[in-house]
Amino acid sequence: MAGELISAYELGDLTLKNRIVMAPMTRGRCGSSGVPGEMNATYYRQRAGAGLIITEGTFISPQANGWVGAPGIFSPQQVEGWKPVVDGVHDAGTPIFCQLWHCGRASHSTFQPGNQKPVAPSEIAINSDYIHTPNGKQPNETPRALTTEELPGIVEDYRLAARNAKAAGFDGVEIHGANGYLIDEFLQTKTNERSDQYGGSLENRFRFLKEIVEAVTSVFPSNRVGVRQSPNGVYNDMGSPDYRDTFLYVAEQLAKFDLGYLHVMDGLGFGFHELGEPVTLGDYRKVYPGTLMGNCGHTKDDGEQRIADGVAELIAFGRPFITNPDLPARFENGWPLADDPPQAIWYSPGPEGYIDQPAHSA
């Protein structure tokens, strides 16, 4: 029987029925419009046994786009599309946060308005073979460096996206600052070689995220806002020699905002850059007194252990929720987890591998 994971938790003014969070997972089922539909509502409703659901990454603007079939939260049609998703999750007594996403350099001109280059802090391309685009696999492009004057507009895009999320009925938002996307690119020296007030020092590299947090918390109370980080991550060609100083400084600064939570990809299941010792939840706990959420490859047992050790209050699970829509019930009752289906259908456009995963038959 699960213990800590199944216990209730007070997240600010929200009561979570358990400490199991459905992690944000891009599934590519929203078509070219980025508008969620009935299939998306079914998918989230099936998984509403979680204490909290965080949506898949959701684009804040047309420029933010960088993944085929991912949703947005910048158009009226997208806002309307999200409402049945939110209502279905709420009917199960579960809060749901919208993850706000800008892909930065992890995009391609085929996604961009007017086929412009993707944008980033600096003109540094991702060192990998290709990117999946609406036109199939394409070589990665060198991004265009954003001007200082453009950045307030992107901050405003985050504010407007938060406002749209509120209009759609979301309980809060998570700012995606992980996995080599735009915010992470500003934080890390590997991808930020700017000489203006957004580059160089730790304070300057944090400035963009700080301004986004300030903008978003003008829409939602701070305890309805989370931030996600991946200090150990190599995804999208990330990993900076000063990663420990950078991410623990950022955590220390974020603690001043009284956020709902800090979502840390502390596990190494997504790959590790091996530039030193991994940053742990214990390291974060020393500088961040608020709610910590661990994520990335956790099992029920090590999730329980992290909560028992006092280094996390919540544990987010990703892939186990793909094949086990009733994951909290399986944890609570000791039921076995289903086998993973082939990865080829994780991102397919139809229901296979998405809403056809059965609950456990007791």
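The values are calculated or read from the model by the stated rules, or taken from the named source; none is laboratory data. Every value quoted in this text rests on a predicted model; they were computed, and no experiment measured them. Reconstructed Cβ throughout: ideal geometry from the backbone, glycine too, with neighbour counts over all protein chains shown.
Scanning the range 12-33 for residues that are among the small types (Gly, Ala, Ser) and surrounded by fewer than 22 Cβ atoms within 10 Å (Cβ to Cβ) yields Gly12, Gly28, Gly31, Ser32, Ser33. Looking only at the range 42-52, decide whether some residue is buried (at least 24 other Cβ atoms within 10 Å of the Cβ), within 30 Å of Ala120 (Cα to Cα) and either in contact (Cβ under 8 Å) with a residue 40 or more places away in the chain or touching a strand residue (DSSP E or B) at 6+ places or on another chain (Cβ under 8 Å) (or both). No, the range 42-52 contains no residue that is buried (at least 24 other Cβ atoms within 10 Å of the Cβ), within 30 Å of Ala120 (Cα to Cα) and either in contact (Cβ under 8 Å) with a residue 40 or more places away in the chain or touching a strand residue (DSSP E or B) at 6+ places or on another chain (Cβ under 8 Å) (or both). When Val21, Val86 are checked against the criterion of being farther than 22 Å from Arg105 by Cα, part of a helix (DSSP H, G or I) and under 18 Å from the mean Cα position of the chain (by Cα), Val86 stands alone in meeting it. Here Phe74 meets the list (1) more than 14 Å from Gly169 (Cβ to Cβ); (2) crowded, with 24+ Cβ neighbours inside 10 Å; (3) not hydroxyl-bearing (Ser, Thr, Tyr) almost entirely, failing just condition (2). Yes or no: Gly153 surrounded by fewer than 19 Cβ atoms within 10 Å (Cβ to Cβ), on the phi > 0 side of the Ramachandran plot and either of a type outside the set (Lys, Arg) or under 17 Å from the mean Cα position of the chain (by Cα) (or both)? Answer is no for this residue. Between Gln188, Gln116, Gln138, the distinction of being within 20 Å of Tyr235 (Cβ to Cβ) and over 22 Å from the mean Cα position of the chain (by Cα) belongs to Gln138 only. Per the listing Ala165, Ala251, the residue uniquely assigned to a helix (DSSP H, G or I), within 19 Å of Glu313 (Cα to Cα), modelled with pLDDT of 95 or more and among the aliphatic types (A, V, I, L, M) is Ala251.
Can you pull out every residue in the range 1-18 that is part of a loop (DSSP other than H, G, I, E, B) and hydroxyl-bearing (Ser, Thr, Tyr)? Ser7 - this is the single residue of the range 1-18 that is part of a loop (DSSP other than H, G, I, E, B) and hydroxyl-bearing (Ser, Thr, Tyr). The residue of the range 51-75 that is nearest to Gly104 (Cα to Cα), among those that are of a type outside the set (Ser, Thr, Tyr) and over 16 Å from the mean Cα position of the chain (by Cα), is Gln63. The listed residues are Val234, Val279, Val311, Val287, and the only one of them that is touching a residue at least 12 places away in the same chain (Cβ under 8 Å), surrounded by fewer than 23 Cβ atoms within 10 Å (Cβ to Cβ) and touching a His at 6+ places or on another chain (Cβ under 7 Å) turns out to be Val234. In the range 263-272, the count of residues that are more than 20 Å from the chain's Cα centre (by Cα), at pLDDT below 95, under 20 Å from Thr26 (Cβ atoms) and not basic (Lys, Arg) is zero. When the criteria are applied in full, Thr94 fails the requirement of being part of a loop (DSSP other than H, G, I, E, B), surrounded by fewer than 17 Cβ atoms within 10 Å (Cβ to Cβ) and at negative phi.
Given the criteria in a helix (DSSP H, G or I), touching a residue at least 40 places away in the same chain (Cβ under 8 Å) and over 21 Å from Thr217 (Cβ atoms), does Val68 qualify? Criteria not met by Val68. Number of residues in the range 204-243 that are within 30 Å of Lys166 (Cα to Cα) and of a type in the set (Asp, Glu) equals 2. The set of residues in the range 168-197 that are in a loop (DSSP other than H, G, I, E, B) and among the aliphatic types (A, V, I, L, M) contains only Ala178.
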